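The values are calculated or read from the model by the stated rules, or taken from the named source; none is laboratory data. No experiment lies behind these values; they were computed from the predicted model shown. To get the accessible areas, we keep the full protein, side chains included, count just its heavy atoms, and leave off ligands, DNA and RNA. Shrake-Rupley method; radii C 1.70, N 1.55, O 1.52, S 1.80 Å.
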Amino acid sequence: MPKLYAISDLHIEVAVNRDALERLPRYPKDWLILAGDIANTYASLKAALELLNTKFKQLIWVPGNHELWNEDNGNSDLKGVKKYDALVELCRSLNVITPEDPYPVWESKSADGNNTNYTNYVIAPLFLLYDYSFRPDHVSREGALKWAAEMKIGCTDEHRLNPAPFKTRDDWCESRLRYTETRLLEAQEKGPFILINHYPLRQEFIRFKRIERFSLWCGTRATHDWHTKYPTHVAVSGHLHMRATDYRDGVRFEEVSLGYAKHWHHDKGIEGYLREILPGPSKKLQDHGPTWHF
């Protein structure tokens, strides 16, 4: 039976990650979700996708913040929406599914005695960004960056993720939320969703200890109830470099990032960190979390 796997945050500019990607075995019958932060530049993303196309039957990609960083330290014209559009066209040229393409439907079958049951899952790659709302209620949007800076926390995005032509990343996020909700509403009758976003949909899954206030750059409160607002089977995300499985309201949440060299065991190879999304666990578990994946 074909499988749907997921991974994110390959960061192939890191030499050990890039070498491990080269050694990844082939999975010719299976699909792979790439949930963002695969690479920092157009050229390196292209190289990664071309390589992974030789190893999997179908790739599905959503952007992370690293893919959206300005090229050439901001000297290039490839920034903001213009860069995102260029990456989408790159993916399409390589037959990689993006958040701008029709949502594919995955047919899954399971045996129940003498009967075979079929379920259609709608694979929905999302690009939503963040709006600094993952913060305490007493901290205003205007004071959010100062609040983070009090603990010497900042993010490279403030210098390298240009939202042009939007005035702010908040505005870009709001636009993406409206666009995506329209598409989800149109597709929800086709079957339960596999929601794929670089950032976690719920703030509670951000479990930073040393850099707690980095939460500002990790998502939006607007998606807190999306797993129940829309029929959802699994929600896939990355970004945190903290691999875990959680259940909320009977929905499975998978954080699937690899991370930098210090975040994973190199002897396991990247294949040791591919998370099976479908068919997935045979038994649906009750709400709990997290189950960590080291």
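The mean accessible area for residues of the chain, using a 1.4 Å probe and ignoring ligands and nucleic acids, is 46 Å² per residue.
Rounded, prolate or oblate, given the Cα gyration tensor of region 159-250, with a/c below 1.5 counting as rounded?
Since a/c reaches 1.5 but b/c is at least a/b, the shape of region 159-250 is classed as oblate.
Taking ARG92, ARG210, ARG160 in turn, the Gaussian network model of the chain (Cα-Cα springs below 10 Å) assigns the largest fluctuation to ARG210. Under a Gaussian network description of the chain, with springs only between Cα atoms under 10 Å, the residue in ASN65, ASN197, ASN95 that fluctuates furthest is ASN95.
A full extension of the chain between LYS167 and VAL16 corresponds to an added length of 50.6 nm, given 0.36 nm per residue minus the alpha carbon distance.
Relative contact order of region 4-56: 47 percent, from C-alpha pairs under 8 Å at least 6 residues apart in sequence. With contributions of -39500 (n - 2.57) from each DSSP H run of at least four residues, the per-residue ellipticity at 222 nm computed over the chain stands at -6500 deg cm²/dmol.
For the chain, modelled as a Gaussian network with Cα springs under 10 Å, which listed residue fluctuates most, TYR130, TYR118, TYR42? Of the options given, TYR118 has the highest mean-square fluctuation.
Using a probe radius of 1.4 angstrom, the carbon and sulfur fraction of the accessible surface of region 56-169 is 46%. Couplings 3J(HN,Hα) for region 266-278, derived from phi with the Karplus relation 6.51 cos²θ - 1.76 cosθ + 1.60 (θ = phi - 60°), are 5, 5, 7, x, 5, 4, x, 10, 5, 9, 7, 8, 9 Hz, where x marks Gly and Pro. Principal axis extents of the C-alpha atoms in the chain (largest first, rounded to whole Å): 62, 41, 38.
Take every Cα pair under 8 Å whose residues are at least 6 apart in sequence, average their separation, divide by the length of the chain, and the relative contact order is 22 percent. Summarising the strand pairing of the chain, around 45 percent of its internal DSSP beta bridges are antiparallel.
Expressed as a whole percent, the accessible area of region 245-294 that falls on carbon and sulfur atoms is 53 (1.4 Å probe).
Suppose a student asked you for the relative contact order of region 152-256, using Cα pairs under 8 Å spaced at least 6 residues apart; what percent would you report?
In percent, rounded to a whole number, it is 25.
For region 180-294, the tally of Lys pairs with Cα-Cα distances below 25 Å comes to 6, considering only residues 8 or more apart or on different chains.
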